[in-house]
Structure formats: structure tokens, C-alpha cells
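Here the structure comes first, spelled out in C-alpha cells, and everything after it is commentary.
The values are calculated or read from the model by the stated rules, or taken from the named source; none is laboratory data. The shown structure was predicted, so the numbers you read here are calculated from the model rather than taken from an experiment. FYI the Cβ positions are ideal-geometry reconstructions off the backbone, even for glycines, and counts take in every protein chain you see. Protein only, heavy atoms only, side chains kept; ligands, DNA and RNA dropped before computing areas. Shrake-Rupley method; radii C 1.70, N 1.55, O 1.52, S 1.80 Å.
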Amino acid sequence: MRVPRTTIGASAATRAPHASAPGSSRPGAAKGSSGAAKRSSGAAKDASGSQGSQGSQGEPAASGGARSRSQLQRRKRIVQAAAALASRGGVEAMQMRTVAERAGVALGTLYRYFPSKMDLVVAVVSEELDLLEGSIERRPPSAATAAGRAVDVLMRATRGLMREPELADALIRSLIMAEVDTPFGDRMTGLLLRAAGDRPGERLTPETATEEQAILAGSLGSVWVQELLEMLRGRRTHEQVQRRVEIAADRLLAGF
């Protein structure tokens, strides 16, 4: 199975604060609140970083290809609106006109940023991966073995995903079936390589890893995706997923 190119959840209300989230009264809607706080924090950091790299008029610094701050904010608003809709009704709810209305942009503007629904799905997943990478940078895995560190990364991702299972299920299914190339598999492999090789004086990256190491890390990611799907279908508990991922990591990363 090709590994899709996942999500640390945020609540629908935070993704599109100016619009009421349909279905917000459903049981479990409050589960996304802690994820919402993370996304809000991440958004604030993004805005802060943008201001630091731009001039006083809000224009991009020297690079002519950089987006303006307003363009970045508009893009983020669109992605948050798409994620909010998907968290309530799956990818089918991410109708382009509805996303545009929720984000407060013209339909033509939406298509300039994202020519298709799959482009939107990829953007939502990429934002979630950014949050996961930021979490790992702030608090690196501390296990003594490569397998233990890789499991730490995967189970953090699992906990984040399960804050909004409907969104997670919609995104992962869409990515598995996607006919377009997505960055999910490569980015997860990179995260696992960095975690597995994170030893004093040594840092394993996709650039420094051998072909065999990259394949093994990618295979572990594939096992995790399959186990996650089983969990989303109600066939696995969190403990069962962790145990299976631990066994796979012990075998696949034994030589790291």
C-alpha cells in the first residue's frame, strides 16, 4: 500500500471563528477544544513570524516571490474553513462554494489558491503536519532506542488525530485514494528518521539516511496508517494500536 502523503486536530469553531460551526451541539464536539488551542497558538506564531520577515508596510521582504501577509492570512482562513467543514461532514462537506463562503472569500479567489478539493485536503494535512513537527521540535522524543523514539512520534500523532476522528478519517481516506502526489508519506518518513537517529552528535535525515533506512522508516509509517484506519473503524483500541506499532518498530528499526 502506498503511504499517503495526518492531523493534529483543532476545533471547527477555531478554524473559522467568524462563522457558526454546524453540528457544534453534537456530543463530543468539545473534544476538539484542546486541539483548537494548539491551532490558535500555531496561528499566532505564524503571524508573528510573518511580521518579523516583512517590512513595516506589511509587504514581503526582498524576495519577489513571497506572499504578502494578507495573502498568507487569507490562505490560512481558507484552510481552516475547509478543515472545519470536513470535521463535521467529511470531505464530501468540503464543497468549494461552501468553503469560500465560510472563509469570507470569493469563489474565484478560492480557486486561485486551491484549484481542486484535493489541493485543499493536502493543505489541511500539511498544516497538521506542521503542528506535529513543531511539537517534536519543542519536546523531542527521549526514549533510549530508535524504535522507542519513533513510537513516541507516531503515538503523539495518533492522539492528535483522535481529537477529531471524523476529520482524521476523511483526510486519511482521501489521501490514500488520491490520484495526486501528496507530501504526507515523505514528511512522516522524515520525522521517523530524525526521531530514530536523534543521538548525541548524530542526526539522521532523509538526506543522510541510506536507501534501506528510508524504506524501513516508510514501512513503519505504512503500518501506523493501517492501524490508525482500524482504530477509526472501531476495530482497535489505543492500547492495541500502540502495541502493534511497538512490535513493528522493534523489528523494522532494530538496525538503527
Review point. Which ones in region 96-110 are in contact with a helix residue (DSSP H, G or I) (Cβ under 8 Å, 6 or more places away or on another chain) and of a type outside the set (Lys, Arg)?
Key: MET96, THR98, VAL99, ALA100, ALA103, GLY104, VAL105, ALA106, LEU107, THR109, LEU110
**Study point:** Filter result for the condition that a residue is under 21 Å from GLU227 (Cα atoms), in a helix (DSSP H, G or I) and within 21 Å of the chain's Cα centre (by Cα), over GLY148, GLY134, GLY160
**Key:** GLY160
Point to revise | Check on LEU228, modelled with pLDDT of 95 or more and within 15 Å of LEU154 (Cβ to Cβ) | key: no
**Study point:** Test result for LEU154, at pLDDT 85 or above and not polar (S, T, N, Q)
**Key:** yes
Check your understanding: When region 243-256 is examined, which residues are found to be assigned to a helix (DSSP H, G or I), under 17 Å from ALA146 (Cβ atoms) and in contact with a helix residue (DSSP H, G or I) (Cβ under 6 Å, 6 or more places away or on another chain)?
Key -> VAL245, GLU246, ALA248, ALA249, ASP250, LEU252
Practice item. Test GLU207 against the criterion of being among the acidic types (Asp, Glu), part of a loop (DSSP other than H, G, I, E, B) and either farther than 30 Å from GLU92 by Cα or at pLDDT 90 or above (or both), and give yes or no. Key: yes
Check your understanding: With ARG243, ARG194, ARG235, ARG251 as the choices, which residue is open to solvent by 40 Å² or more (accessible area, probe 1.4 Å), within 22 Å of the chain's Cα centre (by Cα) and modelled with pLDDT of 90 or more?
Key -> ARG194
Check your understanding: Somewhere in region 123-142, is a residue within 17 Å of ALA217 (Cβ to Cβ) and of a type in the set (D, E, K, R)?
Key -> yes
Review point. Any idea which residue in region 108-128 is farthest from PHE184 (Cα to Cα), counting only those that are at pLDDT 90 or above and open to solvent by 10 Å² or more (accessible area, probe 1.4 Å)?
Key: GLY108
Review point. Restricting attention to region 81-103, does a residue exist that is open to solvent by 50 Å² or more (accessible area, probe 1.4 Å), out of contact with any strand residue (DSSP E or B) (no Cβ under 6 Å at 6 or more places or on another chain), on the phi > 0 side of the Ramachandran plot and not in a helix (DSSP H, G or I)?
Key: no
Review point. Which ones in region 178-191 are in a loop (DSSP other than H, G, I, E, B) and either modelled with pLDDT of 85 or more or not β-branched (Val, Ile, Thr) (or both)?
Key: ALA178, GLU179, ASP181, PRO183
Study note, to complete from the structure: Of those in region 129-177 that are open to solvent by 10 Å² or more (accessible area, probe 1.4 Å) and touching a His at 6+ places or on another chain (Cβ under 9 Å), the residue farthest from ALA214 (Cα to Cα) is MET162
